[in-house]
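Encoded as structure tokens, the structure appears first; notes follow it.
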Ligand code: TYD
Ligand code: MG
């Protein structure tokens, strides 16, 4: 007879282990492995087949068929609709994650009010705040008169019974998933088992009724949705609400979306009357720029379908340490090391005796490799003490051989730069037609060394002028 096997499942990331351990190898969390039998589980072999109940016949259907009109409900808040890919999808579950206090409740209260004013039935369930607190916030947002249906409740069965009453809601907002608990699980509210079971129940509700469900989730210091990363796999879309301390702007970033693009961002500014949309983020990120200081280069980036211009600041200073410091804010540290190595190996620029600090202005975070060229320009500029032209933008990827590689959307990046008053550009030679505008006079190096020579050349030019 086959032995019934025992497995240990990490309650944080869902990884299956054959043996118990104090720490999960996959996600590094401690004390998250829980013993679970496999009898009746999927793929547990013939032994479990005997005990499986007889299946119920499910009606099969065709691909073509009636679907509800307007599968999406758009909030009318442009930046939010952009991030969700055109509005909340009926019958889907969306997870909105973010640090505590970043503005998740504010954003969803504004969305709820906007949708309710359009005539949708919106239910807002808060497990964190009392009704009076939510009303206070709504007053501050000028949304108190919107017909949003409000409840302060944490039990899943009670919530489902409440929303089953009357007309089916178009959107149910659960703030937050960590406060929910269901009668079906024994553990305390906030534990992984509870959160998982509660999320499952809400997702099942969304799929079976066609209502859109939004779950709010807090993020831990490490940047993960607290406890159940499995919730991320269960929902249809995941949005993160991010922002840097001390800055007023907030970015709503799509990290997963079964019904839309995943590279879109929505940009907001937190004001005393709630979140305001920022339709042109470049102006925000370029806001406090000082022309003519060495070590600053403007990067023409893309976020999804939208160009975003940001300033990259580098400081290269003589080091007193045996191993010089490399510190990066808003970019990838490994990528910085790569650029430094390419500059050393192919361009003869030495950083071995220097500390290097790199910062993306405004607390913005770049993930595109296209920023390589702007970073290299900022580094060389800081090292040589020669300021880059203030009206120039940079973009392009750098390969390990020192070649400058083309990137997508060159034309769009140039258009945006031109719109914001930039007069020149440094970009790779690409297949795209970039004629006209600032593309006409652009400098297109094929090797990084060409750009280094050009930046260093400004010193020689200046020296001859002085003579
Ligand atoms: P909140 O939406 O409660 O954050 P979360 O739900 O993500 O925990 O937002 C809290 C912060 O936002 C709080 O520090 C106050 C600030 N805030 C404003 O600056 N302006 C406003 O109009 C509102 C409602 C909040
Ligand atoms: Mg909140």
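The values are calculated or read from the model by the stated rules, or taken from the named source; none is laboratory data. As the structure is a prediction and not an experimental result, all values here were calculated from the model. Every residue, glycine among them, receives a Cβ derived from its backbone with ideal geometry; neighbour counts consider all protein chains shown.
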- Item | Matching residues in the range 205-222 - criterion: being out of contact with any helix residue (DSSP H, G or I) (no Cβ under 8 Å at 6 or more places or on another chain), closer than 29 Å to residue 115 by Cβ and within 16 Å of ligand 2 (Cβ to nearest atom) | 219
- Message: Looking only at the range 157-188, how many residues end up being under 27 Å from the mean Cα position of the chain (by Cα) and assigned to a loop (DSSP other than H, G, I, E, B)?
- Response: 3
- Screening 301, 274 for residues that are within 16 Å of ligand 1 (Cβ to nearest atom), touching a helix residue (DSSP H, G or I) at 6+ places or on another chain (Cβ under 9 Å) and over 21 Å from residue 352 (Cβ atoms) leaves only 274
- Message: Name the single residue that is farthest from residue 155 (Cα to Cα) among those in the range 91-102 being part of a loop (DSSP other than H, G, I, E, B) and near ligand 1 (Cβ under 9 Å from one of its atoms).
- Response: 102
- Scope the range 366-384; condition over 22 Å from residue 422 (Cα atoms) and out of contact with any strand residue (DSSP E or B) (no Cβ under 7 Å at 6 or more places or on another chain); matching residues: 367, 384
- Out of the range 189-204, which residues are farther than 17 Å from residue 14 by Cα, part of a helix (DSSP H, G or I) and in contact with a helix residue (DSSP H, G or I) (Cβ under 9 Å, 6 or more places away or on another chain)? 201, 202, 203
- Task: Please list, ordered by first then second residue, the pairs with beta carbon atoms under 8 Å, 6 or more apart or interchain, first in the range 269-281 and without any contact (Cβ under 8 Å) to a residue 12 or more places away in the chain, second assigned to a loop (DSSP other than H, G, I, E, B) and within 16 Å of ligand 2 (Cβ to nearest atom).
- Result: none
- Item | Considering residues of the range 138-149 that are crowded, with 18+ Cβ neighbours inside 10 Å and within 14 Å of ligand 1 (Cβ to nearest atom) only, the residue modelled with the highest pLDDT | 138
- Task: Please verify whether the range 203-223 includes one or more residues that are modelled with pLDDT under 90 and more than 29 Å from the chain's Cα centre (by Cα).
- Result: no
- Could you list, in sequence order, the residues of the range 65-121 that are out of contact with any strand residue (DSSP E or B) (no Cβ under 9 Å at 6 or more places or on another chain) and closer than 15 Å to residue 175 by Cβ? 101
- Of 285, 299, which residue is at pLDDT below 85 and buried (at least 22 other Cβ atoms within 10 Å of the Cβ)? 285
- Note on the structure: Checked against (1) assigned to a helix (DSSP H, G or I); (2) in contact (Cβ under 8 Å) with a residue 24 or more places away in the chain, residue 135 satisfies every condition except (2)
- Can you tell me which of 142, 243 is away from ligand 2 (no atom under 16 Å from the Cβ) and either in contact (Cβ under 8 Å) with a residue 24 or more places away in the chain or farther than 28 Å from residue 13 by Cα (or both)? 142
- Select from the range 238-252 the residues that are part of a strand (DSSP E or B) and in contact with a helix residue (DSSP H, G or I) (Cβ under 7 Å, 6 or more places away or on another chain) and list them in ascending order. 238, 239, 241, 249, 252
- Task: Answer yes or no as to whether residue 416 is at pLDDT below 95, within 23 Å of residue 281 (Cβ to Cβ), out of contact with any helix residue (DSSP H, G or I) (no Cβ under 9 Å at 6 or more places or on another chain) and surrounded by 15 or more Cβ atoms within 10 Å (Cβ to Cβ).
- Result: no
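Please tell me if residue 436 is at pLDDT below 80 and either over 28 Å from the mean Cα position of the chain (by Cα) or more than 19 Å from residue 285 (Cβ to Cβ) (or both).
Taking the combined requirement at face value, the residue satisfies it.
In the range 246-285, what count of residues is obtained for those that are within 16 Å of ligand 2 (Cβ to nearest atom) and either more than 14 Å from the chain's Cα centre (by Cα) or more than 17 Å from residue 111 (Cβ to Cβ) (or both)?
The initial filter retains those residues of the range 246-285 that are within 16 Å of ligand 2 (Cβ to nearest atom), namely 250, 252, 268, 270, 274-275.
The next check asks that each one be either more than 14 Å from the chain's Cα centre (by Cα) or more than 17 Å from residue 111 (Cβ to Cβ) (or both); those that pass are 270, 274-275.
So the answer is 3.
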- What strands (runs of 3 or more DSSP E), lying completely within the range 309-413, carry at least 1 residues that are buried (at least 22 other Cβ atoms within 10 Å of the Cβ) and in contact with a helix residue (DSSP H, G or I) (Cβ under 9 Å, 6 or more places away or on another chain)? 354-360, 392-394
- assigned to a loop (DSSP other than H, G, I, E, B) and either at pLDDT 80 or above or more than 16 Å from ligand 1 (Cβ to nearest atom) (or both): does that describe residue 47? no
- Query: Looking only at residues in the range 103-129 that are part of a loop (DSSP other than H, G, I, E, B) and within 9 Å of ligand 2 (Cβ to nearest atom), which one is surrounded by the most Cβ atoms within 10 Å (Cβ to Cβ)?
  - Reply: 103
